[in-house]
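Read the structure below first, then the notes.
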Amino acid sequence: MVKNTNLVHEVISVILKAIDPYEKTFEHLKNVEKPQGKIFLIAFGKSSLKMAKAALDLFKIEKGVVVTNEEVEKLKAPNVEYIKGGHPLPNENSVKAAEKAIDILKSADEKDLVIVMISGGGSALFESPKVSLDELKNVSDLLMKDGATINELNLVRKALSKVKGGKLPSYTSAKMISFIMSDVVGDDLSVIASGPTYYEKIETSEVLDVLKRHGVKISETLRNAITSGEKIEKKEVEHVLVASNKDACLAAKSFLEKRGYRGVYLGSSIQGEAREVAKVLGGIYADAYLKKSDFAPPVAFVSGGESTVTVKGKGMGGRNQEVALAMLPLIAKKEITFFSFGTDGIDGHSSAAGAIVDGNSLERAKALGLDYVNFLNKNDSYSFFKALSDLIVTGPTGTNVTDVQVAIID
């Protein structure tokens with residue numbers, strides 16, 4: 001086990017508290033002026049239960065729907081329906097939730113207020129497709145297999161949806177305020193859950209070009225769904241960013257400064273292949289440790305974002321564990337403790353949120369007969385860190401602002 005494990009878990013606790021969906025949403029909701037009429041609630045995403053509870057504790061909700069991916073205790077509110085939707089792909093319950101929301105919106109008038117709460121995972125959990133679910137899933141799958149970018153995927157998904165791309169406000173004359181937990185790098189409101197309350201004009205020709213470019217056969221049904229889309233006019237919606245990766249990072253930085261470290265925030269736009277991310281960050285940490293930069297120890301570097309992993313092996317793990325595994329030789333024999341974790345508590349296809357390493361991890365692994373290169377080649381970071389007892393296991397946290405990386409240098 002890493003020497004600074006207790007300090008690492010203290011930092012993680014501070015981060016999760018700083019991005020607690022209930023606390024952050026409650027803080028912003030206190031400033032909402034009550035309408036002349038009624039208040040309605042629509043919440044979807046991994047953080048929807050906690051976000052919705054904040055609204056229920058502050059307001060009398062006339063009617064509402066809350067959809068998440070967890071089988072947890074339902075909200076005890078007589079007029080609010082709880083639905084467990086599909087994730088990472090939409091299912092019939094995802095459609096049921098969206099249709100329920102549309103009914104609620106249609107029942108509200110100009111004197112009313114609709115509070116919408118959006119968080120990570122909302123794109124799959126909340127959907128009303130213009131084509132069948134099977135066709136929607138098939139198109140998404142074909143695009144992903146052919147290497148379509150996230151922007152291309154979102155463009156097609158919005159074109160094939162009755163709720164994405166800012167279509168949700170078109171169903172009501174009521175005032176709408178959208179509270180958002182950002183799970184995307186850069187906090188682009190048009191990308192988070194595919195922007196259901198954020199207007200975006202979709203060009204039909206662009207959507208068809210994406211499908212053709214990636215070899216997706218355009219059936220008559222698909223073409224009709226894209227070309228006969230309803231005309232949506234931009235409607236003013238107030239958007240409130242409840243929490244983002246920056247909040248998580250700055251909380252960690254502040255805590256570590258109180259513990260005697262100089263805090264350095266490297267930003268929240270970390271992206272790229274996990275192994276390459278490790279090289280870049282590891283170089284920064286090593287320079288600081290060797291006093292080759294302006295940041296001499298004791299110093300703590302904090303960053304955020306979301307790396308990717310090109311899976312070639314059949315092992316278990318995730319992007320955060322792979323970053324940590326690739327970091328091993330870069331910090332070997334140095335007084336550096338590094339960890340990376342997913343704020344939602346889920347890292348790839350594993351039960352861990354991330355992993356911790358330090359300057360002694362490589363030697364400890366060798367003593368156990370573990371070759372980190374072999375595990376890296378198999379994409380089996382989970383098994384490696386499980387053997388070292390250095391996994392970060394939080395369980396589902398009920399929040400998500402992407403990943404956080406921290407290096408503590410003594």
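What the table below lists for this structure:
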{"quantity": "Pair list, Cβ < 6 Å and 6+ apart or interchain, from the range 150-173 residues that are open to solvent by 50 Å² or more (accessible area, probe 1.4 Å) to residues that are at pLDDT below 95 and among the β-branched types (V, I, T)", "calculated": "S170/I232"}
{"quantity": "Cβ pairs under 6 Å, 6+ apart, first in the range 46-64 and free of Cβ contacts under 8 Å to residues at least 40 places away in the same chain and over 21 Å from V184 (Cβ atoms), second of a type in the set (S, T, Y) and open to solvent by less than 10 Å² (accessible area, probe 1.4 Å)", "calculated": "A54/T25"}
{"quantity": "Any pair with Cβ under 9 angstrom, 6 or more apart, that starts in the range 340-352 at a residue that is closer than 10 Å to G398 by Cα and open to solvent by less than 10 Å² (accessible area, probe 1.4 Å) and ends at one that is of a type in the set (D, E) and outside any loop (DSSP other than H, G, I, E, B)", "calculated": "T343/D403"}
{"quantity": "Conditions (1) closer than 21 Å to V357 by Cα; (2) open to solvent by 60 Å² or more (accessible area, probe 1.4 Å); (3) among the charged types (D, E, K, R): number failed by E273", "calculated": "(2)"}
{"quantity": "Sole residue being assigned to a loop (DSSP other than H, G, I, E, B), in contact with a Leu (Cβ under 9 Å, 6 or more places away or on another chain) and not polar (S, T, N, Q), chosen from L376, L362, L370", "calculated": "L370"}
{"quantity": "Top-ranked residue in the range 276-313 [being among the small types (G, A, S) and over 21 Å from the mean Cα position of the chain (by Cα); ranked as modelled with the lowest pLDDT]", "calculated": "G313"}
{"quantity": "Residue match in the range 128-149 (condition: within 18 Å of the chain's Cα centre (by Cα) and either open to solvent by less than 20 Å² (accessible area, probe 1.4 Å) or at pLDDT 95 or above (or both))", "calculated": "no"}
{"quantity": "The range 175-223 - residue that is open to solvent by 20 Å² or more (accessible area, probe 1.4 Å), assigned to a loop (DSSP other than H, G, I, E, B) and of a type in the set (V, I, T) and, of those, modelled with the highest pLDDT", "calculated": "I218"}
{"quantity": "The range 100-127 - residue that is outside any helix (DSSP H, G or I), within 22 Å of the chain's Cα centre (by Cα) and in contact (Cβ under 8 Å) with a residue 60 or more places away in the chain and, of those, surrounded by the fewest Cβ atoms within 10 Å (Cβ to Cβ)", "calculated": "V116"}
{"quantity": "Where G282 falls short, out of the listed (1) free of Cβ contacts under 8 Å to residues at least 24 places away in the same chain; (2) buried (at least 17 other Cβ atoms within 10 Å of the Cβ); (3) of a type outside the set (A, V, I, L, M, F, W, C)", "calculated": "(1)"}
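The values are calculated or read from the model by the stated rules, or taken from the named source; none is laboratory data. Just so you know, these numbers come straight off a predicted model, no measurement behind them. Note: ideal-geometry Cβ built from the backbone for every residue, glycine included; neighbour counts use all protein chains shown. The protein model used for the area step is the full one, side chains on, heavy atoms only, and it has no ligands, DNA or RNA in it. Shrake-Rupley method; radii C 1.70, N 1.55, O 1.52, S 1.80 Å.
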